[in-house]
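For reference, the structure discussed in these notes is given below.
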Amino acid sequence: MAAIVRLSSLSTSFNCVQQTQFVCKNNSKKLLSVASGSCSSSHFIVSSLFGVNHKKQSLQFKIQATITETEQPKWWEKNAGPNMIDIHSTHEFLHALSEAGDKLVIVEFYGTWCASCRALFPKLCRTAQEHPEILFLKVNFDENKPMCKNLNVKVLPYFHFYRGADGQLESFSCSLAKFQKIKDAIQKHNTDRCSIGPNIGVGDVNLETVSAPKNKAAESP
């Protein structure tokens, strides 16, 4: 857990009215108020007020620390690198596919509430790091329900594989226990090839004109 620590201690010079609490060896506490211009050294104040003999006695300063938690990104907000992109709209989805060219594109449809999605996600991130030549798209089901319905996404996590003029190559549901399905699909489709036509993208599905479906949550395996 990341933390920020702020410490308050006694300064060697005083430019304004300050109050400092000292705790001596006999556990008695005294509150010292110093006005601006009254003295120039904390050494002088301590010696005069408490009669400190530096050869025999020493003062203990009570230091207060304030710990503030820093906000951590949620699990689905973490990113594996530049080849993993969050998709927030149909327009972003179509644009990412059109810009991918002949690259293999793996699309993950997930839900923030889906336990299977959360369990699988770290391994997907490692796979993305191992394959910088593949483009990974993350589609939040709840943010893109009309698009997901038209792409026949009914269970989460769900995966689509796309590549250039070949369009959609494969689609399937997958959990962490069956992650080998993703590795096998990568081995099958991530091969050198030459494109002989324009990108097909999502094929005959017209995502730009989809209508909002009824609120129906996807299932989780």
Using a probe radius of 1.4 Å on heavy atoms only, what accessible surface per residue do you get for the range 84-190? Whole Å² is fine. 43 Å²
Whole-Hz Karplus ³J(HN,Hα) for the range 158-166, in order, using 6.51 cos²θ - 1.76 cosθ + 1.60 and θ = phi - 60°, x for Gly and Pro? 10, 10, 10, 10, 10, 7, x, 5, 6
Roughly speaking, to the nearest percent, how much of the range 84-190's 1.4 Å accessible area is carbon and sulfur? 48 percent
Residue by residue, what Karplus-based ³J(HN,Hα) values in Hz, rounded to whole numbers, does the range 177-186 have, using 6.51, -1.76 and 1.60 with θ = phi - 60° and x for Gly and Pro? 5, 10, 4, 4, 4, 5, 4, 5, 5, 5
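Can you give the % of DSSP beta bridges in the range 84-190 that are antiparallel, to the nearest 5?
55 percent
The values are calculated or read from the model by the stated rules, or taken from the named source; none is laboratory data. A quick note: this is a predicted structure, and the numbers were derived from the prediction, not measured. Side chains included, ligands, DNA and RNA excluded: accessible areas come from the protein's heavy atoms. Shrake-Rupley method; radii C 1.70, N 1.55, O 1.52, S 1.80 Å.
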